[in-house]
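Here the structure comes first, spelled out in structure tokens, and everything after it is commentary.
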Amino acid sequence: QVQLVESGGGLMQPGGSLRLSCTASGSIYAIYNFGWYRQAPGKERELVAVTNDVRSTRYEDSVKGRFTASRDRDWKTLDLQMNDLKPEDTAVYYCHAYLSQTAASDAEHYWGQGTQVTVSS
């Protein structure tokens with residue numbers, strides 16, 4: 001069984017920094033897309049940053065230059081360094097992975113439980 005476990009988040013003042021981490025565990029053959037999404041109250045879930053299996057990373061326009069996604073050597077941990085936080089970054093942040101559990105199985109989508117990030121003075 002695959003699990004995505006998130007850590008980090010919390011309350012931060014505008015201009016501050018937070019770091020989120022997501023670790024994938026279980027039977028995993030390959031992670032094709034590994035990323036972070038967020039959902040603010042009353043809004044749809046949106047992509048924040050996503051890395052693919054060749055380590056190319058794409059960011060949502062509003063976080064470019066402020067957020068950095070990085071994967072560790074075994075490719076099963078994805079961190080999100082968030083700098084210069086703004087009140088509009090307030091949301092529940094979700095880890096997402098599109099992965100296959102064996103060489104013969106189809107890839108599927110997996111989500112973490114979500115972690116709250118609140119930016120407020």
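The values are calculated or read from the model by the stated rules, or taken from the named source; none is laboratory data. Computed from a prediction, not measured in an experiment: that's the story for all the values here. Virtual Cβ from ideal backbone geometry, glycine too; neighbours counted across all protein chains shown. All accessible areas refer to the heavy atoms of the entire protein, side chains included, with ligands and DNA or RNA removed. Shrake-Rupley method; radii C 1.70, N 1.55, O 1.52, S 1.80 Å.
Quick notes
- Loop GluC sites (Glu not before Pro), the range 26-75 (other Cβ atoms within 10 Å of the site Cβ: 15 or fewer; DSSP): Glu44, Glu60
- With θ taken as phi - 60° and the Karplus curve 6.51 cos²θ - 1.76 cosθ + 1.60 applied, the whole-hertz 3J(HN,Hα) list for the range 50-62 is 9, 10, 10, 6, 10, 6, 7, 10, 10, 10, 5, 4, 6 Hz, x standing for glycine and proline.
- Of the trypsin sites (Lys or Arg not before Pro) in the range 7-63, the ones in a loop by DSSP (not H, G, I, E or B) with at most 13 other beta carbons within 10 Å are Lys43, Arg55.
- Taking Lys and Arg as +1 and Asp and Glu as -1, the other residues whose beta-carbon sits under 15 Å from that of Ala24 total -3.
- Listed residues Ser62, Asn52, Tyr94: farthest to the positive end of the dipole of the range 31-114 (Cβ charges): Ser62
- With a simple spin-label model that places each label point 7 Å from the Cα along the Cα-to-Cβ direction, the separation between Arg58 and Arg45 comes to 1.7 nm.
- Relative contact order of the range 8-60: 23 percent, from C-alpha pairs under 8 Å at least 6 residues apart in sequence.
- Accessible surface for the chain, divided over its residues, is 54 Å² per residue with a 1.4 Å probe.
- With DNA, RNA and ligands ignored, accessible area of Leu4 (1.4 Å probe; Å², nearest 10): 10
- Spread over its residues, the convex hull of the C-alpha atoms of the chain is 96 Å³ per residue.
- Full-stretch length increase - Arg73, Ser25 - with 0.36 nm per residue and alpha-carbon distance subtracted: 15.8 nm
- The magnitude of the dipole of the chain, with charges of +1 and -1 set on the Cβ of Lys/Arg and Asp/Glu and taken from the Cα centre, is near 220 debye.
- D (Stokes-Einstein, µm²/s), Kirkwood Cα radius, the range 1-63, 0.890 mPa s at 25 °C: 178
- Sequence-separation-based contact order of the chain, relative, with Cα cut under 8 Å and 6+ spacing, percent: 37
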